[in-house]
Every structure is written in C-alpha cells, then in structure tokens.
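One structure below.
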Amino acid sequence: MKKISVSVFLLYMMFIPLYGITIQFDDENSIEIDTPSNWKTEQDKGTPLPEMGSTFDIRLTAPINEKTMLIITVGKTLTGKPLTQRQMNDLTKKITTNYLRESVEKRASFVDVPVRGGKGKYAIFTDASLINKRPRPDEYLYAVLFLVNYDNGCFVYATGLTDDTSGAGFQNMVKSISSMEPSLAVIVQTPPVQIQITREGALISNAASRLKLLIPSKTLKKMPVQGGRQNNPGYFYFEDTKDKLLISGWLEPVEKFKHRTAREFWDSRPASREQLNPLYAKIGDWDVFLYDLPLPEIFRSTGASAHLQANLLQENAWIDLHLSRTDAKPSETLRNELIEYLKTLEIQK
C-alpha cells in the first residue's frame, strides 16, 4: 500500500534494542513509548478523530533497509472517559471500511494486543494491487491498523506500514504499541459566558457552575473583544464610565486551573519587566496581585497606571478578574480605589 495519509500509532522492539522515550507536547500532555534506537521520531499536529478534542501525531520511521513506518494519532475524549463499547465498535467500523476497500481481505480480523491501562487490538490488510508484484519504495504490501482504548480516556489510532508481517519491523511495532503510556490532560470545554444586565448591574455566569459574579454598577459599557481573547467563550470586558476603570476577565471551569495557588499561577507565567512594584494580598475570598505599568515619560510626574488581578475558585468555577485604572493620581491612591471597587463585587450562588 502507498504511504497512507492517516494517523496511526504503534511501537516497535524485537531484535533491535528498544529505548524508552518521552514525547512532551506541552506542559500537561506527554507520551512514554519504547522505540528502537535507530528509528526516526517526528511529531506534528493531530488528525481529527470523532469524540476527541485536540490530538497529536507521531511518525516513527525505521531505517531504509527495514522499510517499516508507524504513524500514530493519540488524543483524549471530550468527556475524559474511555469510549463505550458501542462508540468503539462504530469507530472501528468506520475506519476499517477505508482499509477493506483496497485490500485482499473482505472483513477485518482483529487480534488482541496487550497494552498498559486499556484494551488494544490490531488487524492486517493486504494491498490487492500489489499481489504477485514487488512493492516500490513508496509502496507497502501490508497496512496494520492499531486501535487502543485507554481507561483514562486516551485513545490511540495507528497505522503501521511494512512489506513483512513476520519480520522484526512488525514485531517492533506491536511491542512499541504495548509499551505506550499516554498522559493527556482532560480537555475541558469552556461554556459561553452569559451576561445579564439587571437593575443591580451586570450579572456574569456560565453553565460551568452555579456561581455568578455581580458587578453592581449602572454605568458599565461593554467593550469590543480583540485578539486571541475572541476565541475564548468565557471572556468578558467592560468599562465603568463613572469610576473610569476597565474590567475584564474569564469565567472558566475550575478544571482549567492547574496550579495549587493563585501565587503559583502568577509566578508560572513569563515575567514582565513592565510590571512595577508587585504586591500580593488576600481581599475577602479573592487572591490579589497588584502592580503598576509605566506611563510615557511625559506623564510620569502627574499620574500612574495601576492594575489589580484577582482570582477566585468556588463552586466548580474559576474567575480570573483584571481591574485597571490610569489617572492623574499617585499609584497608592489608584490601587486603593481598585481594591475598594473589588470589594463591591458580589458572588452569588
């Protein structure tokens, strides 16, 4: 079969020593896999899969003289739970239909493959167009389909390409698949933020929690969302025209908060040289980070730009709030005004 442009995943090991490697996709997502030391490993953006969120592709290529390739797609279900038997059967049927269309086999015969923390299987398909022919360098006689459903909600779909299903390359693919241990973060979707203007002010909520944030002001002006924030359904942005300050933030599911404390969250981000005079505080239920931003030199003697970032984790919700004010007043005065404004906000359940 020609190089199949699908995502697949397997691992290899038999006559060639296998080496354990960890492929780190980001701070939370990684895969541990055993591969022969002389195989080339590449990673790329993932191929979309039903019931999945983001996925990652791994391509494992043997030396030219072995003529074996393994393409792996790994992802995690949107629910964070393993696929049900029905979902697994439907996905298997959908995927194998494409293979059977060009193969000698008229039905897929799957064989169980032992995996860590889940259930795996594979089936071999023979390219009908290559029977009694010698495959060219870009063709493979056999395609091996691997499917693994992990107990932690991870799923692997891999295609192995080879001309010999009894050789070391095939055995190494199977053994590598068996060694795989995906560790992908649960993909949590942020429900769209709901903003209700009432007599009391702006009431902000979403379906992630019963918690609601009330900004008790009748002089709020909704501001246009720009940049990457446009893609975050939990983002909100206002200007309070009376108090001359900006209010923005996110209302997210608590699962999105991956740190032990707000201080750890703030410290984990790249340091900004522009953040002056940082100060941490606890104000009511809010964890607060205060700082200043520099003004153009011509205005520095007459005013300041003060900022307050506050975090709150309650009722399965995470609120990341940003208040800022720039005015012809000392920084200490502006900070106190931001703190007093924060105290007026109400958390409703």
Next item on the list: Look through segment 38-75, keep the residues that are hydroxyl-bearing (Ser, Thr, Tyr) and open to solvent by 20 Å² or more (accessible area, probe 1.4 Å), and return whichever of them is nearest to the chain's Cα centre (by Cα).
Entry: Ser54
Notebook entry, point to check: Any idea which of (1) acidic (Asp, Glu); (2) under 27 Å from Thr41 (Cβ atoms); (3) in contact with a Pro (Cβ under 9 Å, 6 or more places away or on another chain) is the one Asp164 doesn't satisfy?
Noted result: (3)
Next item on the list: Using the structure shown, decide if Leu78 is more than 22 Å from Asp44 (Cβ to Cβ), under 22 Å from the mean Cα position of the chain (by Cα) and aliphatic (A, V, I, L, M).
Entry: no
Notebook entry, point to check: Can you name the condition, by its number, that Glu181 falls short on among (1) open to solvent by less than 10 Å² (accessible area, probe 1.4 Å); (2) of a type outside the set (Ser, Thr, Tyr); (3) in contact (Cβ under 8 Å) with a residue 60 or more places away in the chain?
Noted result: (1)
Item checked: The lone exception for Leu334 - which of (1) within 29 Å of the chain's Cα centre (by Cα); (2) buried (at least 18 other Cβ atoms within 10 Å of the Cβ) it fails -> (1)
Next item on the list: From the list Trp318, Trp286, pick out the single residue that is free of Cβ contacts under 8 Å to residues at least 60 places away in the same chain, among the aromatic types (Phe, Trp, Tyr) and under 24 Å from Pro192 (Cα atoms).
Entry: Trp286
Notebook entry, point to check: Inside segment 100-154, can you point out the residues that are closer than 28 Å to Thr79 by Cα, touching a helix residue (DSSP H, G or I) at 6+ places or on another chain (Cβ under 7 Å), open to solvent by less than 80 Å² (accessible area, probe 1.4 Å) and part of a loop (DSSP other than H, G, I, E, B)?
Noted result: Val115
Note to self: Any residue in segment 236-251 that is open to solvent by 10 Å² or more (accessible area, probe 1.4 Å) sitting within a Cβ distance under 8 Å of a residue that is modelled with pLDDT of 95 or more and β-branched (Val, Ile, Thr)? List the pairs, counting only those 6 or more apart or interchain.
What the structure shows: Tyr237/Ile247; Glu239/Ile247; Thr241/Thr219; Lys242/Thr219; Asp243/Thr219; Trp250/Ile319
Item checked: Number of positions in segment 1-40 that are under 21 Å from Lys76 (Cα atoms), at pLDDT 70 or above and not aliphatic (A, V, I, L, M) -> 6
Margin query: I'm trying to understand the selection: among the residues of segment 61-87, which are in contact (Cβ under 8 Å) with a residue 12 or more places away in the chain and over 24 Å from Phe170 (Cβ atoms)?
Written below: Gly75, Lys76, Thr77, Leu78, Thr79, Gly80, Lys81, Pro82, Leu83, Gln87
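The values are calculated or read from the model by the stated rules, or taken from the named source; none is laboratory data. Computed from a predicted model, the values in this text were never measured in an experiment. Methodologically, a virtual Cβ is constructed for each residue, glycine included, from the backbone with ideal geometry; neighbour enumeration extends over all protein chains shown. Accessible surface is based on the protein model in full, side chains and every heavy atom, while ligands, DNA and RNA are left aside. Shrake-Rupley method; radii C 1.70, N 1.55, O 1.52, S 1.80 Å.
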